[in-house]
Every structure is written in C-alpha cells, then in structure tokens.
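What follows is a set of notes on a single structure, which appears directly below.
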Amino acid sequence: IDNLLHLENLVQIAKNIENKIRFMLESARERIYVMADKRILSCFQEEIRSLIEAGKKVVVLSDFGDFSLEDSFLAGAIFHKTETGKNQVRLIVDSSFVLTGEISGSEHDTCLYSGQQNLVNLMKEALKNKIELLGREKEKI
C-alpha cells in the first residue's frame, strides 16, 4: 500500500506541473518563450499549435533532431536548435510569469512558478543570451 500511495503522489506531482504549464500556455496573450526537450514539448503540442494559429509569438529552444519544421506542430514558431537539459523546462509567458524546473516523472520533480518581476527579468535575460550565442554559432558555420 505504501508503494501505491508513493506512486499516486508522483503521478499527482507530475499532473500538477503539467496543469500549471497548460494553464500558462492557455493564458498567454502575446507571446511565450519555451526551452524544453522534445519529450516535454510534445506533451503540449495542442496548446503550442493553438498559440501559433492565434498569431501569438512562440519562441522555442529545443533539441529536436531531424524533422521538418513545416510538418510539425512548431510550424510558424521561431525555432532555435540547442541542447537542453534532459527533463528541464523553462517557460516565460507574456514577460510576466515564469516556470522553471524538472519534469521526469520521478519523486524529485520540482518546478518554480513565479510572477515576481526580478525572476522574470533574470529568466528573460538568460534566454536572450542563449539565443544570441546560438546566433553567433550559426554565423560561424
């Protein structure tokens, strides 16, 4: 019984994080910036596709391998290919809210959600710097 309760708690933690991300995506009014691996992004295909179709700015940093952007749910997004930490997610919505953490389905899953402007600005600056570095690397090729 203890193992079953532990498993139920793990499922609930993952579900709570997933629900928070869905809520953030569905609440976006202007733009989102997301950095996550392919597995995590795929869980939110419908929400991301809806944002793109609604004309909202969607910027994605991910480790997607060989695929056709036009054939994927990311068609229309600004895409930057980069290594992402396995199970790591970074999400900024409307320059107002951030979520950062790990989603692996384990007991160690944790995410921080905040609307505190200092943290939002810090996360925006970090993603901006990552995008600039990726642009420089691309120019060298």
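The values are calculated or read from the model by the stated rules, or taken from the named source; none is laboratory data. Owing to the predicted nature of the structure, the values given are computational and were not obtained by experimental measurement. Positions of Cβ are generated from backbone atoms using ideal geometry, with glycine treated the same way; all protein chains shown enter the neighbour counts. Ligands, DNA and RNA are stripped out before the accessible areas are found, and what is left, the full protein with its side chains, is counted by its heavy atoms. Shrake-Rupley method; radii C 1.70, N 1.55, O 1.52, S 1.80 Å.
For a quick check of your reading of the filter: which chymotrypsin sites (Phe, Trp or Tyr not before Pro) in region 17-91 sit in a DSSP loop and have no more than 13 other Cβ atoms within 10 Å? Don't skip to the end; give the middle numbers.
On the way: sites: Phe23, Tyr33, Phe44, Phe64, Phe67, Phe73, Phe79; in loops: Phe44, Phe64, Phe67, Phe73.
Those satisfying the criteria are Phe67.
What FRET efficiency comes out for the pair Arg39/Asn118, r = Cβ-Cβ distance, R0 = 25 Å, nearest 0.05?
About 0.25, to the nearest 0.05.
Which one of Ser50, Leu127, His108 has its Cα pushed farthest toward the positive end of the charge dipole of region 27-141, where Lys and Arg give +1 and Asp and Glu give -1 at the Cβ?
Leu127
What figure in square angstrom, to the nearest 10, would you give for the accessible area of Glu102 with a 1.4 Å probe?
60 Å²
To the nearest µm²/s, what D does Stokes-Einstein give for region 98-141 at 4 °C and 1.567 mPa s, using the Kirkwood radius over alpha carbon pairs as Rh?
Numbers: Rh = 12.4 Å.
After rounding, the answer is 104 µm²/s.
Once a ≥ b ≥ c are taken as the square roots of the eigenvalues of the Cα gyration tensor of region 22-66, is the result rounded (a/c under 1.5), prolate (a/b larger than b/c) or oblate (a/b not larger than b/c)?
It is prolate, given that a/c is not under 1.5 and a/b is the larger ratio.
Past 24 Å, Cα to Cα: identify those pairs from Lys15/Lys86; Lys15/Lys56; Lys38/Lys138, in the order given. Before the final figure, lay out the partial values.
On the way: Lys15/Lys86 19 Å; Lys15/Lys56 26 Å; Lys38/Lys138 21 Å.
Table pairs above 24 Å Cα-Cα are Lys15/Lys56.
Ordered by residue, what ³J(HN,Hα) values in Hz, to whole numbers, does region 72-84 give under the Karplus form 6.51 cos²θ - 1.76 cosθ + 1.60, where θ = phi - 60° and Gly and Pro are x?
9, 5, 8, 4, x, 8, 7, 10, 10, 7, 7, 6, 10
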